[in-house]
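Colleague: Here you go, one structure.
The values are calculated or read from the model by the stated rules, or taken from the named source; none is laboratory data. The model shown is predicted, which means the values in this text are computed figures rather than measured ones. As a convention, Cβ positions derive from the backbone with ideal geometry for all residues, glycine included, and neighbour counts pool all protein chains shown. Ligands, DNA and RNA are excluded from the accessible area calculation, which covers all protein heavy atoms including side chains. Shrake-Rupley method; radii C 1.70, N 1.55, O 1.52, S 1.80 Å.
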Amino acid sequence: MRHSRLWTWHILAGLVILVLLGLHMVIMHLDEVLPLAGLNPAGGEAIDWANVAARAKLGFFMASYIVLLGAALFHGLYGLNTIIGETNVGAGLKRFATACLMVMGVALFVVGTYAAIAARGLAMKG
Amino acid sequence: MSESKTIHFRIRKFNPETDPAPSWKTFAVPFAKGMTVLDGLHWIKRNQDTGLAFRYSCRMGVCGSCGMLINGRPTLACNTQVAALKAAMVVVAPLPNFHTVRDLVPDLTPMFEKHQAIRPFILREDKGEMDAPTAEFYQTPHELEEYLQFSFCIRCGACMAACPTMATDRDYPGPMPLAQAYRYSADSRDGGFAERAKAVDRKSGVFSCHFGSECSAACPKGVDPAKAIQLMKRRLVFDYLRLFKAKKPCGGVHGQRTTGRREGIPEAPEYTIK
Amino acid sequence: MSSKSYDNHLGIKGWALGGAWSPERYLYTLHRVTGLGILSYFLLHILVTTSRAFGPAQWNALLGDGGFLRHPVFVVGEFLVLAAFGFHAANGVRLILIELGFAVGRPIEPVYPYKTSLHASRFVTVVLMLAGAAFIVLGGLEFLRH
């Protein structure tokens, strides 16, 4: 396997995270410092249920959460796999770790995607 | 500084026959102006410890034999002035990230094996022309500059000792072989990029470099292995994204000839010893 | 080679110490540490925020006013995650520029005192580290308001 392919996707995922996680950080933590009104429509804390529900209603947030989830899981777990691959533990243990990380990544992607879709359904109803 | 001044050398000693682990020994050495660390080691071997083992050959930073860890930095002993260290104690140890054979002698075999694995020579399809050349290959000065810096490498192993990935990963080729992989791939006479990509574009390959950049900071010849490695990554990624257009290796000066000898090249002289 | 030779590999401590002790080595180490920190937070974050799929009661128990995760310890932890992201993102952009060969300069003839890719990339490094620091300071101001 040409490793440059995985690495290129690692970099591209990093760029996606830079944009989407940057936005996420601004909404969550810089909503008072930066003069960007309307990021948290219900006012108060960004993590108050009213704000969470208001964002969940928007298709953009649902889609961006899923894209960010996938990109971040790939980028983070690939990075961890690289670090494990560079340690001096045995080759068998490294292969086992890689397999575990892949299973974990897929499982968490399924859980997170379900949450993003279910939260939207819940917000639309309520 | 005066001639009578002494300087202390703290040297890591290891005898594989008797010692389970290395130990340290300190020597007082008379300081002389212009003295290098290698001069100090010679003085110790002549006067105090005849069993002290270290490698050296040219004494002028050309052969790459005397790579060692001097005051915590991997470099050449012959190229390091004791006065320039500006320290009361010169601490000398063998290069890390290699096995130590004895005292200050590292086992560089893994480095040379990895160097061989990246095929460090011109690879071309026209084998006939390679074995029995009929003309010189042409190369512009600009094409020469693309790889010249990396061809100054003397394989001393200082970069390998400085590299953080080398500290743990035994499969990683290391800065020297990877830089040489780029040096040959960037040569306009060469057509072996695909073959070398197979050797370095793998797990624990070129992408296990994360630009800790210590190799370039440590290199005593200014070869800048980190630059070559990043340029190799660039070429591999651009190749994957189909942004890199490989050029055909250059031909001979007057067009490639398949037979015959170019006119005007004098015959070799007669053997002086029959 | 003699089987009695001594293994002089630095091991994991070689990731942080050794070499020529250039500042870039510590950026490399910090990139690993912050990456691992963000990843640990992120994996828990996925599970915690999944509670929004079960309605406001579940959400508020964890994250609502007075909820378990509003404890000051977690708020400080969140600021550390923001700081780690600020550094990891800025250093990540630096690494992309360098590893794709945009910020390391062209091959040059080595003339003493040697100028290497470290010198060529240092301007980019300083600018991006300042950008990362500005982001962290901005985040710090917001956290101090709480």
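Colleague: Anything in the range B:197-208 that is of a type in the set (S, T, N, Q) and in a helix (DSSP H, G or I)? List them, or say none.
Modeller: The one that is of a type in the set (S, T, N, Q) and in a helix (DSSP H, G or I): B:Ser208.
Colleague: Separate question: Hey, among the residues in the range A:56-82 that are farther than 20 Å from A:Val110 by Cα and free of Cβ contacts under 8 Å to residues at least 12 places away in the same chain, which one's least open to solvent (accessible area, probe 1.4 Å)?
Modeller: Restricting to residues being farther than 20 Å from A:Val110 by Cα and free of Cβ contacts under 8 Å to residues at least 12 places away in the same chain, the top hit is A:Thr82.
Colleague: For the condition at the interface with another protein chain (Cβ under 7 Å from one of its Cβ atoms), outside any loop (DSSP other than H, G, I, E, B) and closer than 26 Å to A:Gly79 by Cα, what is the one hit in C:Glu24, C:Glu78?
Modeller: When all the criteria are applied, what remains is C:Glu24.
Per-residue answers, yes or no, for (1) at pLDDT 90 or above; (2) more than 8 Å from chain B (Cβ to nearest Cβ):
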residue	(1), (2)
C:Ser2	no, no
C:Lys13	yes, no
C:Tyr28	yes, no
C:Ser40	yes, yes
C:Pro72	no, yes
C:Ala84	yes, yes
C:Phe87	yes, yes
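Colleague: Quick check on my filter: what residues within the range B:104-142 are open to solvent by less than 70 Å² (accessible area, probe 1.4 Å), without any contact (Cβ under 8 Å) to a residue 60 or more places away in the chain and either facing another protein chain (nearest Cβ under 10 Å) or under 24 Å from the mean Cα position of the chain (by Cα) (or both)?
Modeller: Selection gives B:Val105, B:Pro106, B:Asp107, B:Leu108, B:Thr109.
Colleague: Could you list all residues from the range C:43-59 that are open to solvent by less than 70 Å² (accessible area, probe 1.4 Å) and not hydroxyl-bearing (Ser, Thr, Tyr)?
Modeller: Restricting attention to the range C:43-59, the residues satisfying the condition of being open to solvent by less than 70 Å² (accessible area, probe 1.4 Å) are C:43, C:45-46, C:48-53, C:55-56, C:59.
Matches in the range C:43-59: C:Leu43, C:His45, C:Ile46, C:Val48, C:Arg52, C:Ala53, C:Gly55, C:Pro56, C:Trp59.
Colleague: So for the range A:114-122 (the condition being open to solvent by less than 20 Å² (accessible area, probe 1.4 Å) and in contact (Cβ under 8 Å) with a residue 24 or more places away in the chain), does at least one residue qualify?
Modeller: Scanning the range A:114-122 turns up at least one residue that is open to solvent by less than 20 Å² (accessible area, probe 1.4 Å) and in contact (Cβ under 8 Å) with a residue 24 or more places away in the chain.
Colleague: Provide a single number: the residues in the range A:27-51 that are more than 8 Å from chain C (Cβ to nearest Cβ), open to solvent by 30 Å² or more (accessible area, probe 1.4 Å) and not in a loop (DSSP other than H, G, I, E, B).
Modeller: Result for the range A:27-51: 2.
Colleague: Here is a further query. Being over 15 Å from the mean Cα position of the chain (by Cα) and touching a residue at least 24 places away in the same chain (Cβ under 8 Å): is that true of A:Ala53 here?
Modeller: Criteria met by A:Ala53.
Colleague: Under the condition of being touching a Pro at 6+ places or on another chain (Cβ under 7 Å) and not aromatic (Phe, Trp, Tyr), which residue from the range B:1-60 is modelled with the lowest pLDDT?
Modeller: Looking at residues that are touching a Pro at 6+ places or on another chain (Cβ under 7 Å) and not aromatic (Phe, Trp, Tyr), I get B:Thr6.
Colleague: For the range B:1-14, which residues satisfy the criterion of being surrounded by 17 or more Cβ atoms within 10 Å (Cβ to Cβ) and not in a strand (DSSP E or B)?
Modeller: Hit for the range B:1-14 is B:Phe14, nothing else.
Colleague: Now for a different question. Checking the condition within 13 Å of chain C (Cβ to nearest Cβ), under 20 Å from A:Ile17 (Cα atoms) and at pLDDT 95 or above, which residue from A:Phe74, A:Phe61 passes?
Modeller: That would be A:Phe74, the only listed residue that is within 13 Å of chain C (Cβ to nearest Cβ), under 20 Å from A:Ile17 (Cα atoms) and at pLDDT 95 or above.
Colleague: Pick out the one residue from C:Gly11, C:Gly92, C:Gly37 that is on the phi > 0 side of the Ramachandran plot, open to solvent by less than 50 Å² (accessible area, probe 1.4 Å) and not β-branched (Val, Ile, Thr).
Modeller: It is C:Gly11.
Colleague: What tally of residues in the range A:83-96 results from selecting those that are open to solvent by less than 20 Å² (accessible area, probe 1.4 Å) and of a type in the set (Gly, Ala, Ser)?
Modeller: 1
Colleague: If we scan the range B:176-184, do we find a residue that is within 11 Å of chain C (Cβ to nearest Cβ), open to solvent by less than 40 Å² (accessible area, probe 1.4 Å) and free of Cβ contacts under 8 Å to residues at least 12 places away in the same chain?
Modeller: If we filter the range B:176-184 for residues that are within 11 Å of chain C (Cβ to nearest Cβ), which is where we start, we get B:179, B:182-183.
From what is left, the residues that are open to solvent by less than 40 Å² (accessible area, probe 1.4 Å) are B:179, B:182-183.
Filter once more, keeping what is free of Cβ contacts under 8 Å to residues at least 12 places away in the same chain: none.
No, the range B:176-184 contains no residue that is within 11 Å of chain C (Cβ to nearest Cβ), open to solvent by less than 40 Å² (accessible area, probe 1.4 Å) and free of Cβ contacts under 8 Å to residues at least 12 places away in the same chain.
Colleague: Could you tell me how many of the residues in the range A:1-26 are closer than 17 Å to B:Gly205 by Cα, open to solvent by 30 Å² or more (accessible area, probe 1.4 Å) and among the hydrophobic types (A, V, I, L, M, F, W, C)?
Modeller: 3
Colleague: To continue, here is another question. Anything in the range B:149-175 that is modelled with pLDDT of 95 or more, open to solvent by 40 Å² or more (accessible area, probe 1.4 Å) and at negative phi? List them, or say none.
Modeller: Scanning the range B:149-175 gives B:Ser151, B:Phe152.
Colleague: Name every residue in the range B:65-76 that is in a loop (DSSP other than H, G, I, E, B) and open to solvent by 40 Å² or more (accessible area, probe 1.4 Å), in order of residue number.
Modeller: Matches in the range B:65-76: B:Asn71 only.
Yes/no per residue for (1) touching a strand residue (DSSP E or B) at 6+ places or on another chain (Cβ under 7 Å); (2) under 24 Å from C:Tyr114 (Cβ atoms); (3) of a type outside the set (Phe, Trp, Tyr):
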site: B:Ser65; (1), (2), (3): no, yes, yes
site: B:Val90; (1), (2), (3): yes, yes, yes
site: B:Pro96; (1), (2), (3): yes, yes, yes
site: B:Phe112; (1), (2), (3): no, no, no
site: B:Ile122; (1), (2), (3): no, no, yes
site: B:Lys127; (1), (2), (3): no, no, yes
site: B:Leu148; (1), (2), (3): no, yes, yes
site: B:Phe152; (1), (2), (3): no, yes, no
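Quick grid of which residues meet (1) of a type in the set (A, V, I, L, M); (2) open to solvent by 40 Å² or more (accessible area, probe 1.4 Å); (3) under 12 Å from B:Asp103 (Cα atoms); (4) outside the structural domain of B:Asp103 (by TED's automatic domain parsing):
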residue	(1), (2), (3), (4)
B:Pro16	no, no, yes, no
B:Asp19	no, yes, yes, no
B:Trp24	no, yes, yes, no
B:Lys33	no, yes, no, no
B:Val37	yes, no, no, no
B:Gly40	no, no, no, no
B:Trp43	no, yes, no, no
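Colleague: Restricting attention to the range B:209-235, and to residues there that are surrounded by fewer than 24 Cβ atoms within 10 Å (Cβ to Cβ) and part of a loop (DSSP other than H, G, I, E, B), which single residue is farthest from the other protein chains (Cβ to nearest Cβ)?
Modeller: Among residues in the range B:209-235 that are surrounded by fewer than 24 Cβ atoms within 10 Å (Cβ to Cβ) and part of a loop (DSSP other than H, G, I, E, B), the one farthest from the other protein chains (Cβ to nearest Cβ) is B:Pro220.
Colleague: Shifting gears a bit: Go through the residues of the range C:113-132 one by one and say whether even a single one is out of contact with any Cys (no Cβ under 7 Å at 6 or more places or on another chain), at the interface with another protein chain (Cβ under 9 Å from one of its Cβ atoms) and surrounded by fewer than 16 Cβ atoms within 10 Å (Cβ to Cβ).
Modeller: yes
Colleague: Could you pull out the residue among B:Val92, B:Val101, B:Val62 that is β-branched (Val, Ile, Thr), open to solvent by less than 20 Å² (accessible area, probe 1.4 Å) and outside any helix (DSSP H, G or I)?
Modeller: The match here is B:Val92.
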